[in-house]
Amino acid sequence: LARSSIPVARVIIAVGDSRGQQQLPVKNGQKLPVDINMKKKLLLNKHKNKDKEAEAADPDADGDRDPAKKRKMKKGRFMRLKKRKNMSAEELAKHLVIDEDGLIADGSEGAGGAEDFDPTFADEDEEGLTLLERAKRCMCRFPPEVDRAKALLEDALKAEPESLEILEYFGTMLSEEGDEDRAREVLRKSVTLKPDGGPERYLYLAQLSRGSEALGFYRRGAATLKAQLESSQNTPATSSSSTAAPVGTVETARSQSLRAQLAGAQASIAELYMTDLADDDDAEERCEEAVLEGLKADPDCLALLTAQTSLLKVQGRVEEAKEVSLKCFKLISAAIDAATEEGDLHDDDEEEDTGRPTLPDEDTIASLARDLIDLEQTNEARELMCGLLARDEEDFRAWILLGWCHVVEADPETAKECAEHGLKLCKKHKEEADMWKPELKKLLDKAASMKPGGSKAKEEGSTPDDKQ
């Protein structure tokens, strides 16, 4: 909420924080977001008071109620809100006001005080909302009401079978929920009705496809993004109102977003030519073409720079590969440092315009670490893996790559410790960890075959890429 661009007052009221006792710097009735801990305290106090009143009126009335159910009733409504990441500051603020006594109150008309606050929005009437709006609300709850949202969207499609807005939202939701067959059906219908519509539809379809079909969708998406980028750059930044926000700023932000998406699409094309389409006669040429085209859009795109590192390494241009990989490392380190300072290290799944480098996903970091290890830049690779383990200490891939760092550094004992720890995690997670067992056993065998204090020279099968 603090990073939201919505101009609402920010007041932190933490339980046990002396700042919570200060006079709130807002006028009577002004809406603002509130700290989660205060809402929890207010909500639980409400139920405690009601329980005491009920017990005083009828001491035996509560005897038949299940204690676990009582606790669930007390905390259930709060927990729905606690982890609702998609809730904007504006959406939360419209429910909250400051009453005459400086207490947090429900923002609905006629609200009495903090005890009337309901994070589930049960006080709102859904009769005036469209089926699409109701489905979006279901997906914003915690946990998301996926089945109900799907049912609402199916009804919405029956009523408006050619609504591009419904088709695009429904297709995106189905893709993210793993319903691939239905997602393809919905998204294909959307692009058939309007081929020059949103590029995201093509990118989702590409992720649901393989090989040449995926390549076709990525190219269509990239072409659409490029056209939109050119259009946004050619649009004059003018404003009809002196009080409105500068349009030029909005256009610049939109252009940056389009460039980032275009670079990401080109990175995916390059990745295809290094995997599914690696056997094509012109794979290397097309891969390099995609990388260079993407770098024109966004020269700091981590996915593109990582793909470029892999390409240069395969081409034997080792020094250039090292230079690009170190640039990637510095960008990732800067993003992680910025996120750590803001306490946002685990929120890389939220897409926000924070003005700082984007925190990369684990796949990008792991891919770069593989290249760094193969290029014998183990200090940087080890730092990246320690960063992943700081996020999740049970990250199998991080333990494997960390072990290979020590293999390249001729430290078999530490490499063995990494492999053995990973195998212990496999026993804990059982079937979920089966895919990692072969990798960990290969690492363990390699560490066992090494002599302590050997040279740092690469032997056959001594790095992740050679092993593959």
Q: Could you order Arg210, Arg137, Arg148 so the one with the most accessible surface comes first? Probe is 1.4 Å.
A: Arg210, Arg148, Arg137
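What does the charge add up to near Leu302, with Lys and Arg as +1, Asp and Glu as -1, over the other residues with Cβ less than 10 Å from its Cβ?
-2
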Q) What is the distance, in nm, between label points placed 7 Å from the Cα along the Cα-to-Cβ direction at Val314 and at Leu129? A) 4.8
Q. In percent, what relative contact order does region 133-210 have, based on Cα pairs under 8 Å that are 6 or more apart in sequence?
A. 21
Q: Just grab the label-to-label distance for Phe142 and Arg182, each label 7 Å out from Cα along the Cβ direction, in nm (one decimal).
A: 2.5
**Q.** Residue-count net charge about Thr414 - beta-carbon cut-off 12 Å; Lys, Arg +1, Asp, Glu -1
**A.** -3
Q: Ratio to report: Rg/Rh of region 162-227, with Cα atoms as the point set and Rh obtained by the Kirkwood method; give two decimals.
A: 0.94
Q. Given the pairs Lys330/Lys430; Lys189/Lys430; Lys189/Lys226; Lys322/Lys427; Lys424/Lys446; Lys322/Lys428, which are separated by over 29 angstrom at their Cα positions?
A. Lys330/Lys430; Lys189/Lys430; Lys322/Lys427; Lys322/Lys428
**Q.** Heavy-atom accessible area ranking, 1.4 Å probe, most first, across Arg201, Arg259
**A.** Arg259, Arg201
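For Ala159 and Asp363, what is the calculated FRET efficiency with R₀ set at 35 Å and r taken between the beta-carbons, to the nearest 0.05?
0.35
The values are calculated or read from the model by the stated rules, or taken from the named source; none is laboratory data. Please read all numbers here as calculations on a predicted model, not as lab measurements. Positions of Cβ are generated from backbone atoms using ideal geometry, with glycine treated the same way; all protein chains shown enter the neighbour counts. To get the accessible areas, we keep the full protein, side chains included, count just its heavy atoms, and leave off ligands, DNA and RNA. Shrake-Rupley method; radii C 1.70, N 1.55, O 1.52, S 1.80 Å.
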